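Reviewing the structure listed below.
The values are calculated or read from the model by the stated rules, or taken from the named source; none is laboratory data. Just so it is clear, the structure is predicted and the values come from calculations on it, not from any experiment. Here the Cβ is made from the backbone with ideal geometry for all residues, glycine too, and neighbour counts use every protein chain on show. Ligands, DNA and RNA are excluded from the accessible area calculation, which covers all protein heavy atoms including side chains. Shrake-Rupley method; radii C 1.70, N 1.55, O 1.52, S 1.80 Å.
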Amino acid sequence: MDLKIAVLPGDGIGPEIIEQAIKAIDATCKKYGHTVGYTYGSVGATAIDKTGNPYPEETHRICMQSDAVLFGAIGDPRFDNNPQAKVRPEQGLLEMRKKLGLYANLRPVSTFKSLVHRSPLRQELVEGADFICIRELTGGIYFGQPQGRSEDGQTAFDSCVYTKAEIKRICRLGFEYAMKRRNKLTVVDKANVLATSRLWRETVQEMAPAYPQVNVEYMFVDNAAMKLIQQPKHFDVIVTENMFGDILTDEASVITGSLGLLPSASIGIHTSLFEPIHGSYPQAAGKNVANPLATILSAAMMFEYAFNLKAAGASIRQAVDRSVEAGIVTEDIAEDGQAYPTSEVGDFIAKNIG
Ligand code: IPM
Ligand code: MN
């Protein structure tokens, strides 16, 4: 195959972790006889500095003309500490998700055997935990209108909005994944308080009879937050709205031992995008210490989801497993004093793919 990949390194540690994923993709293509071409685009604070726009038209064009998008991270403390800033890097990510129609964000959570002892949770709780969170990505409170400030500046408001069609589209994926896995679907909402959540429940109840083999469960988000930590093995497929999914998946990363381990795939209408769930980690930018595994695993998801090249994806996963087992890992998951630089972890993995 000839693979056309848009590469958007973004901010902070983005460029250095992306570089490691590119090494892994190159090694995989070489091994399986695929050719690959990369087109780089700017996004986030980097794009604001260059063009004034966090998601420039040129970047959008590059994404639309590619088979898949590999994305690093977005965010810059210069903007976080300045609530008055008119343009923010994160707007670039949201606009990109919306314009590319990426309505579903798939965040699989599973543990590495050799890392379970790094989890702050007891080993017997986390060992074998394996679920996927399907987060709705282009609706809800992230995008609902009206959003803003009153004229006198004394009131601010966000709106959580969902249409039935949006709910159906994401929950259909939930049912389909449940059928491919252990037939268990947990719908996370706040139906005791929110009208949007009640529409979610109503919609899922209407859909459920078409999937008789799937065991559907409804859980309030506060309860789900507790259950994730108390009994992570309870879950198989979680489907939830945008903001609940954002929060719960950062929480879920604790199960695996590091936020630096969780990849994600965003799929939808025009293309698909692959990114680590972590942010731009500005304190580590340029220091060659950030964990590249989440991004490399996102590249594995790219082979599986975007190109349907399962063996290629599996060979990246195997190489990642090998690096974890061999202790060729960055400081966040290393045993005392045994941390390797980002670039060496990337080199080890690329070499093991080949
Ligand atoms: C994520 C991030 C983003 C989100 C931010 C950077 C806008 O936290 O991808 O989870 O909230 O969706
Ligand atoms: Mn997040």
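Expressed as a fraction of 2.2 N^0.38 Å, the C-alpha radius of gyration for the range 164-276 is 1.06.
Taking all protein chains as shown and a probe of 1.4 angstrom, LYS50 keeps an accessible surface of around 150 Å². For VAL7, the residues whose amide H sits under 5 Å from its own are THR39, TYR40, GLY41, LEU70, ignoring neighbours fewer than 5 places away on the same chain, with H placed 1.01 Å from N. When the listed pairs LYS98/LYS180; LYS113/LYS233; LYS86/LYS287; LYS4/LYS50; LYS50/LYS86; LYS184/LYS227 are checked against a 18 Å cut-off, the alpha-carbon distance exceeds it for LYS98/LYS180; LYS86/LYS287; LYS4/LYS50.
Helices in the chain, meaning DSSP H runs of at least 4 residues, each add -39500 (n - 2.57). Divided by all residues, the mean residue ellipticity at 222 nm is -12500 deg cm²/dmol. Let me test this: with uniform point scatterers at the alpha carbons of the chain, what is the Debye-based log₁₀ I(q)/I(0) at q = 0.10, 0.11 1/Å? Ignoring solvent entirely, the Cα scatterers give -0.61, -0.75.
Take every pair of alpha-carbon atoms less than 8 Å apart whose residues are at least six positions apart; their mean separation over the length of the range 214-315 yields a relative contact order of 19 percent.
Binning all Cα-Cα separations of the range 1-69 at 10 Å, short to long from zero, yields these whole-percent fractions: 21, 46, 26, 6, 0. Estimated at the nearest 10 Å², the accessible area of MET64 is 80 Å² with a 1.4 Å probe.
Summarising the overall dimensions of the range 154-195 from its C-alpha atoms, the Rg and Dmax are 14.5, 50 angstrom.
Give the percent of DSSP beta bridges with both residues in the chain that are antiparallel, rounded to the nearest 5. Once the DSSP bridges in the chain are tallied, antiparallel ones form about 35 percent. Nearest 5 is fine: what % of DSSP beta bridges in the range 1-139 come out antiparallel, could you say? Taking every DSSP beta bridge with both residues in the range 1-139, the antiparallel ones total about 40 percent. Normalised by the number of residues in the chain, the average gap of Cα pairs under 8 Å and 6 or more apart makes the relative contact order 23 percent. For the range 26-102, dividing the convex hull volume of the Cα atoms by the residue count gives 104 Å³ per residue. Accessible surface area normalised per residue over the chain is 43 Å², counting heavy atoms of protein chains with a 1.4 Å rolling probe. For the range 79-164, take every pair of Cα atoms, bin their distances at 10 Å starting from 0, and report each bin as a whole percent. All Cα pairs, binned at 10 Å, distribute as 14, 28, 24, 24, 10, 1 percent. Return the carbon/sulfur percentage of the accessible area of the range 192-337, one whole number, probe 1.4 Å, all protein chains in place. The C+S portion of the solvent-accessible surface of the range 192-337 is 53 percent. Overall dimensions of the range 240-352, expressed as equivalent-ellipsoid semi-axes from the Cα gyration tensor (√(5λ), whole Å, largest first), are 23, 19, 12. About its Cα centre, the dipole of the chain is roughly 920 debye, where the only charges are +1 on Lys and Arg Cβ and -1 on Asp and Glu Cβ.
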